[in-house]
Amino acid sequence: MPNEKVVVQNLTKSYGDLLVLDDISFSVKESEFFVIVGPTGCGKTTFLNSLTKIIDINNGSILLDGEAVDPRKQNLAYILQEYSALPWLNVEQNIAYGLKIKGYEKSVIEERVEEAIKMVNLENYRHYYPSELSASMLQRVVIARAFATKPDLLLMDEPYGQLDLNLKYKLEDELLSLWQQTGTTVIFITHNIEEAVYLSDRILVMTNKPTKVKTELINDLPRPRNVASRQFVELRNEVTDLIKWW
């Protein structure tokens with residue numbers, strides 16, 4: 001059985017009188033592709049921000065590899081909804097940024113950057129700056145920067161929501177390829193139910209605020225997945241029904 005990579009116990013977060021996360025508990029297995037879905041504003045992003053220590057929690061605990069989560073010690077990568085490419089760095093320099101912060105040797109940085117640039121098809125744009133790139137290219141830079149660090153835990157907050165459909169499918173497949181090659185544990189947030197079923201090993205469905213865990217669904221559909229198959233459609237409809245009836 002895979003080891004538990006992330007363990008969330010009795011997590012509670014409020015802002016003044018507004019209770020956002022209400023005594024949430026669940027775990028994510030080593031190398032699992034774990035997808036969180038729920039209504040807009042239910043606290044999915046608040047959970048990721050708690051995990052990365054961007055915000056403090058009121059009660060409970062989040063453990064990574066058996067220790068209290070600490071981004072200063074543990075190898076985390078976090079892809080936000082917003083584009084976060086640094087405007088004063090070109091594509092190559094943006095992708096290298098996280099590796100430099102983590103203190104990798106120059107040869108490793110160059111190798112990882114080249115690998116990531118090819119993965120997201122930005123070879124011809126390596127010297128371009130963010131102001132010269134389209135919205136889809138900006139997100140590809142951010143995704144490449146996260147992939148280049150080969151994190152133990154990759155957090156993704158609706159990273160493909162603003163991308164065109166063809167690029168979205170391509171990047172989803174590339175993400176799955178990377179995940180399968182590296183064994184990285186992924187926590188992925190999305191509002192797109194088809195995306196959740198396409199990517200996940202397990203789906204966590206959350207309620208509206210104050211947010212609790214509504215249910216967990218195991219997704220054992222064979223990969224690569226056929227979005228037109230009867231089993232895929234049945235699981236997609238099951239998740240849709242769970243999110244309909246709040």
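Would you point out the residue of the range 81-101, among those that are under 29 Å from E4 (Cα atoms) and surrounded by fewer than 16 Cβ atoms within 10 Å (Cβ to Cβ), that is nearest to the chain's Cα centre (by Cα)?
Q81
If I go through the range 122-132 residue by residue, how many of them are touching a residue at least 40 places away in the same chain (Cβ under 8 Å), outside any loop (DSSP other than H, G, I, E, B) and surrounded by 14 or more Cβ atoms within 10 Å (Cβ to Cβ)?
Adding up the residues that qualify gives 1.
Return the total of residues in the range 214-224 being modelled with pLDDT of 95 or more and surrounded by 16 or more Cβ atoms within 10 Å (Cβ to Cβ).
Within the range 214-224, residues that are modelled with pLDDT of 95 or more and surrounded by 16 or more Cβ atoms within 10 Å (Cβ to Cβ) number 3.
Being out of contact with any strand residue (DSSP E or B) (no Cβ under 9 Å at 6 or more places or on another chain) and under 18 Å from A116 (Cα atoms) is the filter here; which residues of the range 183-219 pass it?
Kept after step one, since they are out of contact with any strand residue (DSSP E or B) (no Cβ under 9 Å at 6 or more places or on another chain), are these residues of the range 183-219: 183, 194, 198, 208.
G183, the sole residue that qualifies.
Among the helices (runs of 4 or more DSSP H) lying completely within the range 24-121, list those that include at least 2 residues that are of a type in the set (G, A, S), touching a residue at least 40 places away in the same chain (Cβ under 8 Å) and within 28 Å of K170 (Cα to Cα).
91-101
Report whether or not I117 is touching a strand residue (DSSP E or B) at 6+ places or on another chain (Cβ under 7 Å) and modelled with pLDDT of 90 or more.
Criteria not met by I117.
Of all residues in the range 169-185, which are under 24 Å from V233 (Cβ atoms), surrounded by 19 or more Cβ atoms within 10 Å (Cβ to Cβ) and touching a residue at least 60 places away in the same chain (Cβ under 8 Å)?
Within the range 169-185, just W179 meets the criteria.
Looking only at the range 194-202, decide whether some residue is part of a strand (DSSP E or B), at pLDDT 90 or above and surrounded by 14 or more Cβ atoms within 10 Å (Cβ to Cβ).
Yes, the conditions are met somewhere in the range 194-202.
Identify the single condition in (1) free of Cβ contacts under 8 Å to residues at least 60 places away in the same chain; (2) surrounded by fewer than 17 Cβ atoms within 10 Å (Cβ to Cβ); (3) assigned to a loop (DSSP other than H, G, I, E, B) that N166 does not satisfy, given that it satisfies every other one.
(3)
Can we say R140 is within 30 Å of I243 (Cα to Cα), surrounded by 15 or more Cβ atoms within 10 Å (Cβ to Cβ) and modelled with pLDDT under 85?
Numbers: within 30 Å of I243 (Cα to Cα): yes; surrounded by 15 or more Cβ atoms within 10 Å (Cβ to Cβ): yes; modelled with pLDDT under 85: yes.
So R140 fits the description; yes.
Quick check on V233: is it surrounded by 12 or more Cβ atoms within 10 Å (Cβ to Cβ), of a type in the set (V, I, T) and without any contact (Cβ under 8 Å) to a residue 24 or more places away in the chain?
yes
Return yes or no: is F147 in contact with a Pro (Cβ under 9 Å, 6 or more places away or on another chain) and crowded, with 23+ Cβ neighbours inside 10 Å? Please lay out each step first, then the result.
Values: in contact with a Pro (Cβ under 9 Å, 6 or more places away or on another chain): no; crowded, with 23+ Cβ neighbours inside 10 Å: yes.
So F147 does not fit the description; no.
All but one of (1) touching a residue at least 24 places away in the same chain (Cβ under 8 Å); (2) loosely packed, with under 12 Cβ neighbours inside 10 Å hold for A228, so report the exception by its number.
The failed condition is (1).
The values are calculated or read from the model by the stated rules, or taken from the named source; none is laboratory data. Bear in mind that the values here come from a model prediction, so they are computed numbers and not experimental data. Using ideal geometry, Cβ is built from the backbone for each residue, glycine included, and neighbour counts are taken over all protein chains shown.
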